[in-house]
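Since the structure comes first, as structure tokens, the remarks are kept for the end.
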Amino acid sequence: MFGNILIVLALVFYALLANLTQKPMPGGDYGVGYAFAWIICIAGFGIFTGLSAWNMNYNQCFDWLPANFILPRNGLVFVGSVLFIVVVMGTLDYRTKSIEGEFPEFMRWLTLSKVHYWLPALTFIPALYLLNAQRQAGFAPSWIKFSLIVSFSVCILIALGILYGSAKSSVQRRITLNQLAQKESSTGNWAFDTSMDAINQYKENTIHNLLRYTHREQDKRLRDAAVAKIKTYENWETELTDTLEQGELPNVYWVYAFLDGNNIEHPDNFIQPVEHSIGRISDGVRASLKDPYSLDMGYVNIEAFCRVLDTHFKDSATVFRPGIESLQKALEINAPERKDKKNKQWFDETLSASRMAVKNWLESNK
């Protein structure tokens with residue numbers, strides 16, 4: 001009676017698992033519930049199937065097996081039950097997630113034959129017979145032996161297919177990684193190649209998204225390619241000055257990053273836009289410092305900004321001085337501690353360096 005209950009419970013969990021794998025995994029909270037139900041069904045099927053095999057072996061249901069054939073009888077029953085559990089769960093998963101060419105062709109044939117249905121039937125029907133039928137010790141009908149031998153053989157065949165597919169997939173991944181490594185060693189690296197492709201294929205109407213490749217810390221090859229692409233735009237300097245006058249602050253910072261490492265053809269056209277941009281930068285710095293949640297100040301490269309003034313507009317220092325003094329006052333705000341503890345030190349170091357850069361510029365441009 002106990003053995004029958006174990007088999008029934010194993011079949012119940014198998015049916016639930018088979019039904020569950022037919023449905024796609026939902027998103028959100030339903031996905032969590034789906035995953036939890038999937039784990040319960042797998043655990044239930046594995047536990048009760050394993051207990052059924054143990055109970056049958058304990059009650060001498062396999063006394064007709066050789067006492068010592070390749071493995072001792074107990075070992076053979078244990079290996080067979082584990083193999084059956086793994087293969088049944090694997091075939092249920094394979095039928096919904098198989099990838100063409102990933103596993104041997106016979107796996108597809110077995111799936112089309114509904115192996116996930118007839119393999120359990122081929123195993124559990126003989127199990128019920130062995131548990132309940134009156135038979136002579138050490139004897140089992142030929143159909144019982146045939147069914148279980150076929151079941152065990154199919155399990156071995158599928159297990160070998162799964163091992164082959166897993167090994168093949170692992171080898172292919174290694175080959176792909178090696179190819180990527182070889183490519184990286186010969187052309188630089190993936191990030192460089194991607195950035196260079198983006199520059200070469202750039203077709204936007206503005207130069208804004210090219211500026212990020214032009215700052216002085218950038219790879220010289222990328223910087224030169226980006227600058228060359230920028231200069232193919234007829235009004236590229238006008239775009240820079242317009243951005244300084246009325247562009248969004250992040251784009252203003254990128255303009256100064258460009259000016260920090262590259263020459264311009266008409267510096268006089270930049271004097272008024274630069275003067276106006278200083279006030280905008282001061283307002284952005286002041287707002288960021290007052291907000292303990294803001295890290296925007298950390299992205300403003302004031303050191304580069306001061307270098308730009310000295311490099312391209314040294315003769316116009318008197319024009320910029322009132323704005324720089326206003327920027328100095330903005331930087332001297334007693335800023336509250338940043339709430340982002342991870343970036344606090346970086347923010348504080350940037351603020352300190354910015355204060356020093358402005359102080360040095362004012363002292364050297366009296």
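Along the charge dipole of the chain, which of Phe13, Tyr213, Asn334 sits closest to the positive end, that is, farthest toward it, with unit charges on the beta carbon of Lys, Arg, Asp and Glu (+1, +1, -1, -1)?
Phe13
With label points built 7 Å along Cα→Cβ from the Cα atoms of Ala159 and Gln345, find their separation and express it in nm.
Between Ala159 and Gln345, the label points sit 5.3 nm apart.
Given (1) 21.1; (2) 27.6; (3) 19.8, which label gives Kirkwood radius over Cα pairs in Å as computed from the coordinates?
Step by step, Kirkwood radius over Cα pairs in Å for this structure corresponds to label (2).
Can you return the aspartates and glutamates within cross-link range of Lys341? Criterion is Cα-Cα under 17 Å, with same-chain partners fewer than 8 residues away left out.
Result set, ordered by chain and number: Asp291, Asp296, Glu349.
Want the number for Lys145 to Asp283: 0.36 nm per residue separation, take away the alpha-carbon distance, what's left? Display every interim value, and only then the final one.
Values: separation 138, 0.36 × 138 = 49.68 nm, distance 8.65 nm.
Length gained, Lys145 through Asp283: 41.0 nm.
Taking Cα atoms, how many degrees apart are the long axis of helix 73-97 and the longest axis of the chain, rounded to 10 and kept between 0 and 90?
50 degrees
Which entries in the list Lys114/Lys145; Lys220/Lys290; Lys290/Lys314; Lys220/Lys329; Lys290/Lys342 go over 27 Å, if you measure between the two C-alpha atoms of each?
Numbers: Lys114/Lys145 22 Å; Lys220/Lys290 37 Å; Lys290/Lys314 32 Å; Lys220/Lys329 36 Å; Lys290/Lys342 19 Å.
Beyond 27 Å between Cα atoms: Lys220/Lys290; Lys290/Lys314; Lys220/Lys329.
Please give the helix 302-312 orientation as an angle from the longest Cα principal axis of the chain, in degrees from 0 to 90, rounded to the nearest 10.
Between the helix axis and the principal axis of the chain, the angle is about 40 degrees.
Quick check: at a probe of 1.4 Å, how many percent of the accessible area of region 131-176 sits on carbon and sulfur atoms?
Accessible surface attributable to carbon and sulfur in region 131-176 totals 65 percent.
Given a 1.4 Å probe and the protein chains all in place, what does the accessible area of Trp118 round to, in Å² to the nearest 10?
We get 80 Å² for Trp118.
Can you give the Rg to Rh ratio of region 114-164, both from alpha-carbon atoms, with Rh computed by the Kirkwood formula?
For region 114-164, the value is 1.07.
Excluding ligands, DNA and RNA, what is the solvent-accessible area per residue of the chain at a probe of 1.4 Å, expressed in Å²? Let's see the in-between values first.
Working: 21140 Å² over 366 residues.
For the chain, the per-residue accessible area is 58 Å².
With each label point set 7 Å from Cα along the Cα-Cβ vector, what nm distance links Ser113 and Trp54?
Spacing of the two 7 Å Cα→Cβ label points: 3.3 nm.
Which one, Met297, Ser169, Leu240, is farthest towards the positive end of the dipole of the chain when Lys and Arg carry +1 and Asp and Glu -1 on their Cβ?
Final value for the positive-end residue is Ser169.
Roughly how many debye, to the nearest 20, is the charge dipole of the chain about its Cα centre, given +1 on each Lys and Arg Cβ, -1 on each Asp and Glu Cβ, and no other charges?
1980 debye
Explain nothing, just the number: dipole magnitude of region 222-330 about its Cα centre with +1 on each Lys and Arg Cβ and -1 on each Asp and Glu Cβ, in debye rounded to the nearest 20.
It works out to roughly 340 debye.
Could you state the angle between the C-alpha long axis of helix 142-187 and the longest principal axis of the C-alpha atoms of the chain, as a value from 0 to 90 degrees rounded to the nearest 10?
20 degrees
Quick one: compute the contact order of the chain, relative version, from alpha carbon pairs under 8 angstrom and 6+ residues apart, as a percent.
11 percent
What's the carbon and sulfur percent of region 236-348's accessible surface, probe 1.4 angstrom, rounded to a whole number?
45 percent
At a 10 angstrom cut-off on C-beta neighbours, averaged per residue, how do the peptides 131-141, 145-155 rank from highest to lowest?
145-155, 131-141
The values are calculated or read from the model by the stated rules, or taken from the named source; none is laboratory data. Not measured: the values here are computed from a predicted model. Please note: Cβ atoms are built from the backbone with ideal geometry, for glycine as well, and neighbour counts cover all protein chains shown. We work out accessible area using only protein heavy atoms, side chains counted, and drop any ligands, DNA or RNA first. Shrake-Rupley method; radii C 1.70, N 1.55, O 1.52, S 1.80 Å.
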